[in-house]
Amino acid sequence: MAIVEHTDSTGLSGDDGVRRRDFINIAAVSFAGVGAVAVVLPLIDQMNPSADVLALASTEVDLSAIQPGQAIKTTFRSQPLFVRQLTEKEIAEADKVDASTLRDPQTLEERTVDGKKQWLVTMGVCTHLGCVPLGAGEGENKGEYGGYFCPCHGSSYDTAARIRKGPAPKNLEVPKFSFTSDTAILVG
Amino acid sequence: MSFPWAEQYTPKNPVMVWIDEKLPLPRLAYNAVGAGYPVPRNLNYFWNFGVLAGLALMIQIVTGVIMAMHYGANDLVAFSTVEQTMRDVNAGWLMRYAHANGASFFFIVVYLHIFRGLYFGSYKAPREMVWLLGLVIFLLMMATAFMGYVLPWGQMSYWGAKVITGLFGAIPVVGEPIQTWLLGGFAPGNASLNRFFSLHFLLPFVIAGVIILHIWALHIPGSSNPTGVEVKGPQDTVPFHPYYTAKDGFGAGVFLIAFCALLFFAPNFLGHPDNYIEANPLSTPAHIVPEWYFWPFYAILRAFTVDFFFVPAKLLGVLAMFASILLLFFLPWLDTSPVRSGKYRPTFNKFFWILVIDVLILGWLGGAPAEEPFVMMSQVAAAYYFAHFLIILPLISRFEKPLPLPGSITEAVLAKYGKTDGATVAVPAE
């Protein structure tokens, strides 16, 4: 510790003009700041999904009753899930399109399981603002591309549930799923 | 602060003297909304809407606290407790309808208050802070109204919550975690309902606090007036009480008549029938629309249908919607004309009314389905909205030749009634 020679009323200044009090001030405020952040973190984090919400069971879906051209609406993680068996014509329509021209380029193969191209499994959540698109139920509007149509802001999806028209930025999301038998899938 | 000629608070009752020495709250009220606040003598009825907005907030707080006594903030019972309030609770129907329609009336008077400010240049120096705080109140009102609409847990509640929180999902990278954080899940659910209830109860009191700041900031320069000419002497003002308490009292009577007419004869006129169906995550209503007071902003949100370079249309719409309000925070610096009142600004006057029509059209489009020709019209109307503030207004401020201003408020008042005697000469304030 250098000997303080000049007359400083506080008697705390070093030669470089930095007072010992400055160090104490910075240290105290920094310590309080770290403490404040540590307190704020749980205050913010409590708003994230709780353990019971996160304890998400996977969903098993029985496909045996779904005829070609039909679709069912079920739930996965408390959101709607569409399971659809495409007809030959619908598959042909989806394959006809050059994927690279699409807004969210994907082929039907990339969106389905190998060898089971007719089974289209997607979330029933429009990628625009989260409405449930129409088209899974009997007689619902399928939009001009024959897949799904979101009534909220007019997004149209094709037979591979790819976005073709309207404000939605992405194709309907395909969740992770696998076939447990020829007529059943496990989603999640 | 006040003008030097403001009336002084001099309690005569010994109890009031005793209180004044210990806690001068009556003095504060006297100087804020009593005879101690000198106000320009020429205010017209458009100056009623600030007080009316305060009245509407009081109605909302009283009916809201009562609604909370009968409400269960749980997704299993929320819908039925609201119906129970309507059918079984004594006068519950009155409380609920007053609260639901009260929100609409709150927005009606606030929109008139905002357009009053826009026309008469109330946002200009030295009242910028009053304007900025007013916008903060407006944002808080929108958040409160949105969360309140979710609480009955009807179809529009649920899907409104999903669409509006979905807006945050449009933000790149952090969007989806933010949306999940806001909702406390992957879709609106019990956690969302509970937190919305908690915040819906809290925010009105925050609004009340910001209103105090809004009035405080107003009282430093004093109220503006229809001529936009500042107060120059005692002859330009009258005490707030009894002159404007009486005028505001009359306005409050008219307001309450209109409110009761809707409340008792058409309580569901502004509501959506879909909200009498309990929330169903598997079925989207055919036509999701927010409450009418959000329609102009909703129209701007939906106006963007094409990606622009690398920015997706969805994000553009969200940015534009938020920008349409944030833009107003810059208004005091976009309109550089030294003349406040639109009365003396011939060019501004015309464009002001075009803006009013534009916002009304946006409102109509926001409630219309998302199909042509409405989408195209929304694009034009939204573009005009931004052009008004960012291009037209700064240009007008630059090139417009304003009409001659009256020498003082008193001169304008006397000229209106055909008197031009010597009393019109302004006595400058010291």
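Readers should treat all values here as calculations from the given coordinates under stated rules, not as data from a laboratory. Keep in mind that what you see is a predicted model, and the values were worked out from it rather than measured. Reconstructed Cβ throughout: ideal geometry from the backbone, glycine too, with neighbour counts over all protein chains shown.
Between 0 and 90 degrees, the angle of helix B:78-87 with respect to the longest Cα principal axis of chain B falls at about 60 degrees. By how many degrees, between 0 and 90 and to the nearest 10, does the Cα long axis of helix B:313-326 differ from the longest principal axis of chain B? Compared with the principal axis, the helix lies near 20 degrees.
Return A:101, A:180 ranked ascending by Cβ neighbour count within 10 Å, so the fewest neighbours appear first. Show your work: numbers first, answer last.
On the way: A:101 7, A:180 11.
Ranking A:101, A:180 by Cβ neighbours within 10 Å, fewest first, gives A:101, A:180.
Size descriptors for the stretch A:55-187: radius of gyration and Dmax over Cα atoms are 13.7, 41 Å. Once every Cα of the stretch B:289-399 carries one equal point scatterer and solvent is ignored, give the base-10 log of I(q)/I(0) from the Debye formula at q = 0.16, 0.19, 0.20, 0.22 Å⁻¹, two decimals. With one equal scatterer per Cα and no solvent, log10 I(q)/I(0) is -0.75, -0.98, -1.04, -1.17.
Counting beta carbons within 10 Å around each of B:58, B:95 and listing the fewest first gives the order B:58, B:95. The alpha-carbon atoms of the protein assembly as shown, seen along their principal axes, cover 97, 82, 59 angstrom, with the largest extent given first.
Ordering B:352, B:319, B:168 by Cα displacement along the dipole of chain B toward the positive end leaves B:352 in first place; charges were set at the Cβ atoms of Lys, Arg (+1) and Asp, Glu (-1). Rg and Dmax over the alpha-carbon atoms of chain B stand at 24.0, 76 Å. Here's how it looks for residue A:60: its modeled amide H is under 5 Å from those of A:187, which are all 5 or more places away or on a different chain.
Across the cross-link table entries A:73/A:170; B:232/B:350; B:22/B:124; A:96/B:162, which are compared at the Cα atoms, the separations over 27 Å belong to B:232/B:350; B:22/B:124; A:96/B:162. Computed from Cα atoms, the angle from the helix B:155-169 axis to the main principal axis of chain B rounds to 80 degrees.
Using the Cα coordinates of the stretch B:18-65, the gyration tensor eigenvalues translate into equivalent-ellipsoid semi-axes of 25, 21, 4 Å, sorted from longest to shortest. Ordering B:124, A:170, A:176, A:89 from the fewest to the most neighbouring beta carbons within 10 Å gives A:176, A:89, A:170, B:124. Subtracting the Cα-Cα distance of residue B:125 and residue B:254 from their residue separation scaled by 0.36 nm leaves 43.2 nm.
The charge dipole of the protein assembly as shown, taken about its Cα centre with unit charges on the Cβ of Lys, Arg, Asp and Glu (plus for the first two, minus for the last two), comes to roughly 1580 debye.
Within straight-line reach of residue A:165, meaning a Cα separation under 15 Å, sit the following aspartates and glutamates at least 8 residues removed in sequence or on another chain: A:104, A:144, B:307, B:371, B:372. Assign one of three labels to the stretch A:125-168, namely rounded, prolate or oblate, based on the Cα gyration tensor with a ≥ b ≥ c the square roots of its eigenvalues; rounded applies when a/c is under 1.5, prolate when it is not and a/b is larger than b/c, and oblate otherwise. It comes out oblate by the Cα gyration axes. Taking label points 7 Å from Cα along the Cα-to-Cβ direction, residue B:178 and residue B:68 give a separation of 2.8 nm.
At an R0 of 51 angstrom, the distance between the Cβ atoms of residue B:206 and residue A:16 translates into a FRET efficiency of 0.65. Approximating the spin labels as points 7 Å out from Cα along Cα→Cβ, the residue B:245-to-residue B:287 distance works out to 4.8 nm.
Show me the GluC sites (Glu not before Pro) within the stretch A:84-165 that DSSP assigns to loop and that have at most 13 other Cβ atoms within 10 Å of their Cβ. Kindly include the intermediate steps, with their values, before the conclusion.
Values: sites: A:88, A:90, A:93, A:109, A:110, A:138, A:140, A:144; in loops: A:138, A:140, A:144.
Here the GluC sites (Glu not before Pro) that fit, given the DSSP loop and packing criteria, are A:138, A:144.
Grouping the Cα pair distances of the stretch B:43-128 into 10 Å bins from zero gives a pair-distance distribution of 17, 35, 23, 16, 10, 0 percent in increasing distance order. Over all Cα atoms in the stretch B:232-281, the spread is summed up by Rg and Dmax: 20.5, 64 Å.
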